[in-house]
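Reading through the structure tokens given below for one structure.
Where a number appears in this text, it was derived from the coordinates with a stated rule and is not lab data. The structure presented is a predicted model; accordingly, all values stated were derived computationally and were not measured. Cβ: placed from backbone, ideal geometry, glycine included. Neighbour counts: every protein chain shown.
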Amino acid sequence: MSFCYKTKKGYNIGKMKVNLLLIDDDTSFLKDASEILKADFNVITAEGGKKGINAFQSDYFNVVLLDLMLPDMHGFEVLEKIKEMNPFVPVIIITGYADVEKAVEAMKRGADDFIPKDFNLGVLREKIKKLLETRDLKISHKFLKSELEHERNEFIYASEVMKKIIIELEKIVNLDLDVLLVGETGVGKDLMARQIHEMSKRRDKNFVPVNIAGIEPNLVDSELFGTVKGAFTDAINRVGRFELAQNGTLYLSEIAEIPHNVQIKLLYFLQYKEITRVGSNKGIKLDVRLIFATNADIEKLRKEGKIRDDFYYRIAGTQIYIPPLRERVDDIIPLARYFIKKYCLKYGIKKDFELSEELKSALLSYHWPGNVRELESMIMSSIRPEFEMVDELRLEHFPYLFSVIEDLKRGKDEFEFKPYKIAEREFKKSYFSELFKRVGGDIKSASKVSGLSQKYLQRVFKSLGLI
Ligand SMILES: Nc1ncnc2c1ncn2[C@@H]1O[C@H](COP(=O)(O)OP(=O)(O)OP(=O)(O)O)[C@@H](O)[C@H]1O
Ligand SMILES: [Mg+2]
């Protein structure tokens, strides 16, 4: 998919027109150049270095054209300040032919390219296009490096309930609605946030994940919104995660940890699509899709006052609940097969294993309190080079699962001896209630798991008051 494209109105990245800041002290040049550039860019001009820096602070720019010969500040200083505020925004130096040496020096100091003062629009356009492409690569590299190192999982699902969720997602993915993902730890909220980004038109732009719980509470504000020099002791001009997610997706997980003052700023962004850096009062317009996630009970957080009412009502609208793994048993075997394949490959083992009936039933009957994460690490830690020699994987190949299943059996052995009728009634009640819970009330899956007919299950669930 191409990165930039030309529309009748101008030169666009994605659906946004490119914002260009032109800094020069020569008013007639500013006027003439912006006339030419206007056809293709959103141009803001700034007369002199200080005004240039001010303008850069108060709006979002995709690219800067900077003249080095400024009366109020040295061009190198302006360059340095801009790069300090946002190292990813390309700066192109405007230069007279006599100044090539200076331009080269500017490149050494972080400028991205240079262009003569009597530039040709076509050449400039090409330069900007290339620079924006590498800029995106640089950001992606910085922010997704850890993800790439861990090699992201494919999104695996087979259960009815997950299929329904994906169908729902497909409907809303390009409406640019903000989404709240809820579900127990390890159910796949991070992976789904990624999936949403990739299903959307924003897929070529940045996906910036931020785990709020991993940031000191008093730094969440500056981390998300950036800072302006002097905002607090040692504060420097720094770009926040919001600006890095421009045109893309910002994923905020563990939102129970968001301080109230930041909730207010987020609410403001959701309403007006504008942020302010810490220490500044100038708004910066941004186009960012937000995805939130929490493994806590969000309604409870609201009642406890951890989440502000107004923030809660604004984000709880498009809520996606990812059920725990034990309630979507149809996903367990496909996930297990996927992880077995993935981690066997690390040992160079390429094989389609058979799974023994006992192993399958153990996988299905364990309740996976750590959800998919637990299943994945259980498999990851069990794979051995010796698997190369076997064709069928059995329960004893997975010591962790083997021991939790043993514990379960032992627990079951310790039951009190009661009259048969009572024991049968109790067993039925707990068996069918558990079954109902695990399949999320889906009769078809319940029938598959239990081997009982759908008709019979319908009757039992009814008699137990479950449906
Ligand atoms: N449907 C899935 N297909 C493949 N892998 C999955 C799936 N769901 C989860 N995983 C994997 O399980 C692990 C845990 O998932 P993830 O980090 O997305 O959980 P989470 O819901 O964000 O948990 P927490 O609330 O603890 O942050 C990850 O390695 C993820 O890739
Ligand atoms: Mg997570």
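Structure above, values below:
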| quantity | calculated |
| --- | --- |
| Pairwise FRET efficiency - V104 versus E406, Cβ, R0 = 56 Å, nearest 0.05 | 0.20 |
| Nearest-20 debye value, the chain charge dipole, Cβ charges on Lys, Arg, Asp, Glu | 1500 debye |
| Mean shadow area of the chain, taken as a quarter of the surface of its Cα convex hull (nm²) | 29.0 nm² |
| Rounded Å value of the spacing that divides the Cα centres of region 202-217 and region 357-425 | 36 Å |
| Label point distance in nm, I36-D118, each placed 7 Å from Cα along Cα→Cβ | 1.0 nm |
| Pairwise FRET efficiency - D391 versus K429, Cβ, R0 = 41 Å, nearest 0.05 | 0.50 |
| E198, E357 arranged by Cβ crowding within 10 Å, fewest neighbours leading | E357, E198 |
| Karplus (6.51, -1.76, 1.60) ³J(HN,Hα), θ = phi - 60°, over region 200-209, in Hz, Gly and Pro reported as x | 8, 5, 7, 4, 7, 9, 6, 10, 10, x |
| Where chymotrypsin sites (Phe, Trp or Tyr not before Pro) in DSSP loops with at most 15 other Cβ within 10 Å are excluded, longest remaining stretch of the chain | 4-154 |
| Table column - 3J(HN,Hα) (Hz), region 325-334, Karplus curve with 6.51, -1.76, 1.60, x for Gly and Pro | 4, 5, 9, 9, 4, 5, 7, 4, 5, x |
| Amide H contacts of L181 (H built 1.01 Å from N, under 5 Å, at least 5 apart or other chain) | F292, A293, T294, I320 |
| Simple Cβ-charge dipole of region 153-323, Lys/Arg +1 and Asp/Glu -1, about Cα centre, in debye nearest 20 | 500 debye |
| Under 17 Å from the K351 label point (7 Å along Cα→beta-carbon), backbone N, region 366-404 | 379-399 |
| 222 nm mean residue ellipticity, helices alone, for the chain (DSSP H n ≥ 4; -39,500 (n - 2.57); rounded to 500) | -14500 deg cm²/dmol |
| DSSP-defined beta bridges in the chain - what % are antiparallel, rounded to 5 | 20 percent |
| In Hz, Karplus ³J(HN,Hα) per residue of region 99-113 (6.51, -1.76, 1.60; θ = phi - 60°; x = Gly, Pro) | 9, 4, 4, 5, 4, 5, 4, 4, 4, 5, 8, x, 5, 9, 6 |
| Per DSSP, loop trypsin sites (Lys or Arg not before Pro) in region 383-460 with at most 16 further Cβ within 10 Å | R394 |
